[in-house]
Amino acid sequence: MGIVPFEEAARLAIERKLDLVQVTEKVMPPVCKIIDYGKYLYSLQKKTKIKKAGQLKTIRLGFNISTHDLEIRAKQTENFLKKGNNVRVEMVLRGREKALVEFARGKIKQFLEILEKKIPIKIERDLKKEARGLTMIIAKA
């Protein structure tokens, strides 16, 4: 539209049943837009909600994982949780490992104990047996 006097811009906004919003005041004359302010606020809120939710990161544990490797994975998980992400803990069971589900549950429990020493966590989804193994979702408490 170009440079328009304030009175004319306000009149146009009223005619269109929209709002006159100042975008920046650093330049002379100030830059304004004629928009629906309610829709604008709603879109900003949606963008911030998406950012706050974080992502779902995955940590895979092996069936025969050692204690030291569990500590390393716990450290990685701690970093993910501190950034606000949820973490899916996954243990893939292959072949005969599927018969030893209780042993696998013990490994995941050991992993959670190591992790709880570092950072408080809450369980979003309990440990669940799926076709390929065991999974659970945790978040920062």
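The values are calculated or read from the model by the stated rules, or taken from the named source; none is laboratory data. Note that the coordinates shown come from a computational prediction; the quantities given were computed from them, not determined experimentally. Quick reminder, even Gly has a Cβ in these numbers, built from the backbone with ideal geometry, and neighbours come from all protein chains shown.
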Practice task
Taking residue 43 as meeting all but one of (1) farther than 30 Å from residue 20 by Cα; (2) out of contact with any strand residue (DSSP E or B) (no Cβ under 9 Å at 6 or more places or on another chain); (3) among the small types (Gly, Ala, Ser), write down the number of the exception.
Solution key: (1)
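Being surrounded by fewer than 12 Cβ atoms within 10 Å (Cβ to Cβ), basic (Lys, Arg) and part of a loop (DSSP other than H, G, I, E, B): is that true of residue 17 here? Steps first, please.
Working: surrounded by fewer than 12 Cβ atoms within 10 Å (Cβ to Cβ): yes; basic (Lys, Arg): yes; part of a loop (DSSP other than H, G, I, E, B): yes.
Spelling it out, residue 17 is indeed surrounded by fewer than 12 Cβ atoms within 10 Å (Cβ to Cβ), basic (Lys, Arg) and part of a loop (DSSP other than H, G, I, E, B).
Yes/no per residue for (1) in a strand (DSSP E or B); (2) on the phi > 0 side of the Ramachandran plot; (3) loosely packed, with under 11 Cβ neighbours inside 10 Å; (4) of a type in the set (S, T, N, Q):
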site: 29; (1), (2), (3), (4): no, no, yes, no
site: 46; (1), (2), (3), (4): no, no, yes, no
site: 73; (1), (2), (3), (4): no, no, no, no
site: 80; (1), (2), (3), (4): no, no, no, no
site: 103; (1), (2), (3), (4): no, no, no, no
site: 106; (1), (2), (3), (4): no, no, no, no
site: 125; (1), (2), (3), (4): yes, no, no, no
Fill in the blank from the handout: When (1) touching a helix residue (DSSP H, G or I) at 6+ places or on another chain (Cβ under 7 Å); (2) among the charged types (D, E, K, R); (3) outside the structural domain of residue 111 (by TED's automatic domain parsing) are applied to residue 15, the one that fails is (1)
Problem - Single unsatisfied condition, residue 68 versus (1) part of a strand (DSSP E or B); (2) more than 17 Å from residue 55 (Cβ to Cβ); (3) modelled with pLDDT of 95 or more - result: (1)
